[in-house]
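What follows is one structure encoded as structure tokens, with my remarks underneath.
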There are 2 protein chains.
Amino acid sequence: MSGALIYLDHAAATPLDEKVLAAMQPYFSDAFFNPSSPYAAAIEVRKKYESAKAALAATFGAKADEIVITAGATESINLAIHSSSGHIVTSSIEHHAVLAAAAEHDYTLVQPTEKGSITPDAVRAALRPDTTLVSIQLANNELGTIQPLRDIAEMIRDERAKRAEAGNNTPLLLHSDASQGFGHIDVHVARLGVDLLTLNAGKMYGPKAVGLLWAKPGVLLKAQIVGGGQERGLRSGTENVAGVIGFAKAASLADAHRRTEAERLSGLRDTLQTALVEAFPEAIVSGSTKKRLPNFLHISFPGIDGERLVFMLETKGICVATGSACAANKGTRSHVLTAIGLAPEVADGSLRITLGRLTTPEQIDRVIQEISSAVSAEQSRTNLS
Amino acid sequence: MSGALIYLDHAAATPLDEKVLAAMQPYFSDAFFNPSSPYAAAIEVRKKYESAKAALAATFGAKADEIVITAGATESINLAIHSSSGHIVTSSIEHHAVLAAAAEHDYTLVQPTEKGSITPDAVRAALRPDTTLVSIQLANNELGTIQPLRDIAEMIRDERAKRAEAGNNTPLLLHSDASQGFGHIDVHVARLGVDLLTLNAGKMYGPKAVGLLWAKPGVLLKAQIVGGGQERGLRSGTENVAGVIGFAKAASLADAHRRTEAERLSGLRDTLQTALVEAFPEAIVSGSTKKRLPNFLHISFPGIDGERLVFMLETKGICVATGSACAANKGTRSHVLTAIGLAPEVADGSLRITLGRLTTPEQIDRVIQEISSAVSAEQSRTNLS
């Protein structure tokens, strides 16, 4: 990235870590063999691929043969959701991948609190006797609000017990899209209590277009892409060896530096938030400020055009988003902000600022100045007009 | 790849070309932005992505907005086949991706000639009034036999005209998996007369896990992976920018060197074939020797165990396959060889030798010696036992 840029959109994309690229490098042009080929050089590649899967799975408390490698979180989410044969419960503030996949089934949307939290009670209320899947993100990708997944998992275990008592043997599974959060908060399948988990290499300084779906042993998946039978028949196609080696390295680095990085980023984020709220008391910080990813700040300046702010900041070399990259590109108001009840004139003045490994204290100082100048300028312009 | 290895399995995997990697490099850690993000740096990435798609499409006579980028040929094939709502006709010697995807529909398998060719008449005989898709590979991935796609396309145009006359408005489309062949023979959608075309970057010295499906304007596809709406809503997921930049570069290189490389490789292949058939007159070369990819030699030594040959050659640093990588890994006899009626004792003594950019005349000389020694040794061992 150009050294002059201040990148504060880590929720949309992260740069490939140099150590990750170095780990991938041997698999591009040297050990490029098809892992299904019969000679020693290919068998060695197969072993490296399987070891990487095991190392990757271990970072969140799982085993290699419980994960299916995909081309990214969107594919993983589709695989999880389309494997469900019954009613689906999800929330209105999920990523578009969850919403669009669920919409191809019989489904119910749970509404968040005004802090962007999905409560176990709200999920419970949406359950039906034929519900087979609940899909709730680990953390919201616009607000950074961390969902009470463990509590939702506990509620679901209770519901399962009730079903068993009532003689209803319809399975009830919990899937979580944990694309946002890995490397910032603890992600461990047993501790979370989930049955299915989606992760994305491209959001953790790993390669783009590589993801995984973890499924608890015994959970049945329905292959979407069939063929040569790779990934235990659950996702055919020649294995992305370099991609998975990179994913494993990225997950291991993210896991190793999680605590220190979370502390560092939440400190910088709090500095930024405090300064902006002091300068603009009317500014609204959305989402939970307690249960929030350490690198997220969602802030709205009522009456200001967020898109104009993004362009003004861009001329100062600062990259921030108005919402998620997918939604931003469509020019529509964020479905998340609508769901939490943010008034349109507030929602339209929003910035999603997401810090990451590239972020330094000096950058944050500059960002405080530049956002302050831009918002002041816009306020003056709007008042004058 | 280790300089000591002689790699003759280019149909299973190709090394990433250094020029391709160089083209991809800026998009890993520098221009890593999500192409859907709103700031200038991301918009620049979006433009590069779209230009790469246009350049890629142009190599086979298509336009950027007619292609859908996928995670490889298997996904492309699944997208093409699952978009069909009626009866499907394909051949018994297709790649497993086609066979497995077709098996999820009402389908009929056309049998090949003993040379591994699928004739227009055989395809026509399998058509039904409710057939909506015909899927025939450009060239067989075990034999290298080039299919008479233009003739099949012409037959299909005739059938469409007949349907129109009969008042049957069921669409009838022709899909071709051209994963094997691009860079060796002319691949141009209008000249081939296809409606849908699958290509795979990983088979043309491009990155693994990147493919595309081309669909003629007006052909409706049914998205398998939904979400953020990327690829015109036909394949959601954050774009694999580096992968597509690499795919475009790989396709452009393959296209530019096609004629000279085809001539060079067919010369080397013919030298190898002539020497082996002279040394072992009982050897059987399968598939068409006239309509064949320039880099393919499928040869069987009756009564010899092909897998043992592979292992013996491997100790001499030579990598060859017994069949396609997918089939080889399953320890089952090739469905292609069974379909062309090769006797089991002949089929089991087969080698698939596929040349490529790494292949030199000196290597071919060594390979002739080593295969001759290995086959002779096995013949002596078998006769003595």
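Just so you know, all these numbers are worked out from the coordinates, no wet-lab data involved. The shown structure was predicted, so the numbers you read here are calculated from the model rather than taken from an experiment. Because the Cβ atoms are built from the backbone with ideal geometry, glycine has one as well, and the counts that use them run over all protein chains shown.
Structure data summary
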read-out	value
Unit charges at the beta carbon, dipole of the stretch B:18-256: most positive-side option, B:Val98, B:Gln180, B:Ala248	B:Ala248
Shortest-first distances to equivalent copies, position B:Arg160, nm, label 7 Å out along Cβ	5.2
FRET efficiency estimate (nearest 0.05) - Cβ-Cβ, A:Ser372 to A:Glu263, R0 30 angstrom	0.70
Förster-model FRET efficiency, 35 Å R0, B:Asp365 and B:Lys115, C-beta, rounded to 0.05	0.75
Trypsin sites (Lys or Arg not before Pro) restricted to the stretch A:55-132 and DSSP loop, no more than 14 other C-beta within 10 Å	A:Lys63
Principal-axis tilt of helix A:361-384 within chain A, Cα atoms, nearest 10 degrees	50
Amide hydrogen neighbours beyond the local backbone of B:Gly237, cut-off 5 Å, H modeled	B:Gly228, B:Gly229, B:Gln230
With 20 Å bins from 0: P(r) over the protein assembly as shown, alpha-carbon pairs, percent	17, 46, 30, 8, 0, 0
15 Å tail of the calculated P(r), the stretch B:257-319, as % of Cα pairs	60
J(HN,Hα) series, the stretch A:268-282, from Karplus relation 6.51 cos²θ - 1.76 cosθ + 1.60, nearest Hz, glycine and proline x	5, 4, 5, 4, 4, 4, 4, 5, 5, 5, 5, 5, 10, x, 7
Under 5 Å, built H, 5+ apart or other chain: amide partners of B:Gly211	B:Thr70, B:Ala71, B:Gly72, B:Ala201
Qualifying trypsin sites (Lys or Arg not before Pro) in the stretch B:1-61, DSSP loop, other Cβ atoms within 10 Å at most 13	none
Highest-fluctuation residue, A:Pro120, A:Pro217, A:Pro15 considered, GNM on chain A with Cα pairs under 10 Å	A:Pro217
Pseudo-label separations to other copies for A:Arg259 - Cα-to-Cβ vector, 7 Å, nm	6.7
Amide H partners (placed H, <5 Å) of A:Ile318, local residues excluded	A:Ile6
For chain B, the fraction of alpha-carbon pairs in successive 20 Å shells from zero, as %	28, 54, 17, 1
From phi via Karplus (6.51, -1.76, 1.60), per-residue ³J(HN,Hα) for the stretch B:198-206 in Hz, x at Gly/Pro	9, 10, 10, 4, x, 9, 10, 6, x
Among B:His298, B:His105, B:His184: highest mean-square fluctuation, GNM of chain B, C-alpha pairs under 10 Å	B:His105
Inter-site label distance for A:Lys222 and B:Ala103 at 7 Å from Cα along Cβ, in nm	1.8
Other-copy label distances relative to A:Glu307, 7 angstrom Cα-Cβ extension, nm	6.2
Förster radius 35 Å - calculated FRET efficiency between B:Asp186 and A:Thr332 (Cβ-Cβ, nearest 0.05)	0.20
Label-point gap, in nm, between B:Arg381 and B:Ala279 - each point 7 angstrom along Cα→Cβ	1.6
For the stretch A:157-173, Karplus couplings with θ = phi - 60° (6.51, -1.76, 1.60), whole Hz, Gly/Pro x	4, 4, 4, 4, 4, 5, 4, 4, 4, 7, x, 8, 9, 5, x, 9, 10
Cut-off of 10 Å, at most 14 other beta carbons, DSSP loop: longest stretch of chain A lacking such GluC sites (Glu not before Pro)	A:115-281
Principal axis dimensions, the stretch A:150-237 - Cα atoms, whole angstrom, descending	46, 36, 15
Nearest-ten-degree value, helix A:73-82 long axis tilted from longest Cα axis of chain A	60
Pairs beyond 29 Å (Cα-Cα), from A:Lys222/A:Lys290; A:Lys162/A:Lys216; A:Lys208/B:Lys203; A:Lys48/B:Lys47; A:Lys47/B:Lys216	A:Lys222/A:Lys290; A:Lys48/B:Lys47; A:Lys47/B:Lys216
Between helix B:241-256 and chain B: long-axis angle, C-alpha atoms, 0 to 90°, nearest 10	60
Value of relative contact order over the stretch B:18-256, rounded to a whole percent, pairs C-alpha under 8 Å and six or more apart	26
Closest Cβ on chain A to the rotation axis that carries it onto B (distance rounded to whole Å)	A:Ala71, 2
